[in-house]
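The values are calculated or read from the model by the stated rules, or taken from the named source; none is laboratory data. Owing to the predicted nature of the structure, the values given are computational and were not obtained by experimental measurement. Here the Cβ positions follow ideal geometry from the backbone for every residue, glycine too, while neighbour counts run over all protein chains shown.
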Amino acid sequence: MAKKEEKSKIVLEREYIIPLRKEFQKAPKYKRAKKTIKALKEFLAKHMKSDNIKLGKYLNLKVWEHGIKNPPHKVKVKVEKFDDGLVKAELTDAPVEKPKEEKKQKKTTPEKEEKKHPEKKEEKTEEKKEKKQPEKKTEEKKEESKEIKNKEMKPAEDKKAVKEEKKISNKSDEKKS
């Protein structure tokens, strides 16, 4: 059995209202949201005394909400510091996401797949045959294309015959009248 990972414990938990306006005004308009993210990380590094900082999904979305040129002037953040030095910051109003549990996938046998999707097996076998015999396919295609050309030519010959018959019938009609 696999060993369970030890969960790191929360050492410190705080809430901050982080002012961002003075920082992002120092940057040009087209870099303001990026500067805001840097300012957030600098603020948290200073106050939480750690360099390993992770910003949450909803905090990031809040900063980028109005685009790169217009980030929020201040943000209310809930910050947690873990015993391994990791600092996680997230909006105070953000929903709490639970970590996803890994589901064990059952291995399916080819027989079970046949029952579920019988068409797929037929497609796979056809693909394998095509891969094994590419030369025959090309020869068959050439023969088919020749047959198609011959068929196309025959109707053209038939059209000529029909025209000739019409001419003959027209001449015979003219003689009768």
Does L61 satisfy the criteria of being buried (at least 16 other Cβ atoms within 10 Å of the Cβ) and under 21 Å from V96 (Cα atoms)?
no
Within the stretch 69-79, identify whether any single residue is modelled with pLDDT of 95 or more and surrounded by fewer than 10 Cβ atoms within 10 Å (Cβ to Cβ), and answer yes or no.
no
